[in-house]
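Visitor: Can you keep this structure in mind? I'll have questions shortly.
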Amino acid sequence: MKIVKVWFDNENIYLQTNTGHVIGNPLSWFQRLKNATKAQRENYELGPFGESIHWEEIDEDLSLESFFDFKRELDYAKI
């Protein structure tokens with residue numbers, strides 16, 4: 001799977017994969033993103049293989065795998 005799209009609402013980050021899957025997680029799981037401005041959140045780059053997301057300005061990196069990290073509290077975004 002590869003990440004093909006990333007977007008936000010006020011409380012969550014969402015991504016879509018090349019297989020059509022959409023998953024969202026609460027921004028509260030990612031404090032740097034939660035505290036970032038809208039412009040900072042939207043200023044990201046996808047990794048070369050679509051496996052990660054990088055925000056240079058706020059020094060944040062997320063992997064596709066992290067969106068499926070079930071060790072976190074089970075308070076998933078409602079899609």
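Visitor: Every residue in segment 15-40 that is part of a strand (DSSP E or B) and farther than 18 Å from Ile58 by Cβ, please. Explain how you work it out, then say what you get.
Guide: Narrowing segment 15-40 to residues part of a strand (DSSP E or B): 15-17, 22-26.
Result: Gln16, Thr17, Val22, Ile23, Gly24.
Visitor: Shifting gears a bit: Please tell me if Asn43 is surrounded by fewer than 17 Cβ atoms within 10 Å (Cβ to Cβ), farther than 15 Å from Leu62 by Cβ and out of contact with any Cys (no Cβ under 6 Å at 6 or more places or on another chain).
Guide: Details: surrounded by fewer than 17 Cβ atoms within 10 Å (Cβ to Cβ): yes; farther than 15 Å from Leu62 by Cβ: no; out of contact with any Cys (no Cβ under 6 Å at 6 or more places or on another chain): yes.
The answer is no for Asn43.
Visitor: Quickly run through segment 41-55 and pick out the residues that are part of a strand (DSSP E or B) and of a type outside the set (Ser, Thr, Tyr). Working first, answer last.
Guide: Our first condition is that a residue be part of a strand (DSSP E or B); within segment 41-55, this holds for 45-46, 52-55.
Listed by number, the residues that qualify are Glu45, Leu46, Ile53, His54, Trp55.
Visitor: Sort out which residues of segment 5-24 are closer than 21 Å to Gln40 by Cβ and aliphatic (A, V, I, L, M), and write them in order of number.
Guide: The answer is Val6, Ile13, Leu15.
Visitor: Just to be sure, is Ile58 aliphatic (A, V, I, L, M), part of a strand (DSSP E or B), modelled with pLDDT of 95 or more and open to solvent by less than 70 Å² (accessible area, probe 1.4 Å)?
Guide: Values: aliphatic (A, V, I, L, M): yes; part of a strand (DSSP E or B): no; modelled with pLDDT of 95 or more: yes; open to solvent by less than 70 Å² (accessible area, probe 1.4 Å): yes.
No, not satisfied.
Visitor: Report the residue count in segment 5-36 for those that are over 19 Å from Asp69 (Cα atoms) and among the aliphatic types (A, V, I, L, M).
Guide: 1
The values are calculated or read from the model by the stated rules, or taken from the named source; none is laboratory data. Note that this is a predicted model, so its numbers are computed, not measured. Heads up, the Cβs are rebuilt from the backbone with ideal geometry, glycines too, and the neighbour counts pull from every protein chain shown. What goes into the accessible areas is simple: the full protein's heavy atoms, side chains included, and nothing from ligands, DNA or RNA. Shrake-Rupley method; radii C 1.70, N 1.55, O 1.52, S 1.80 Å.
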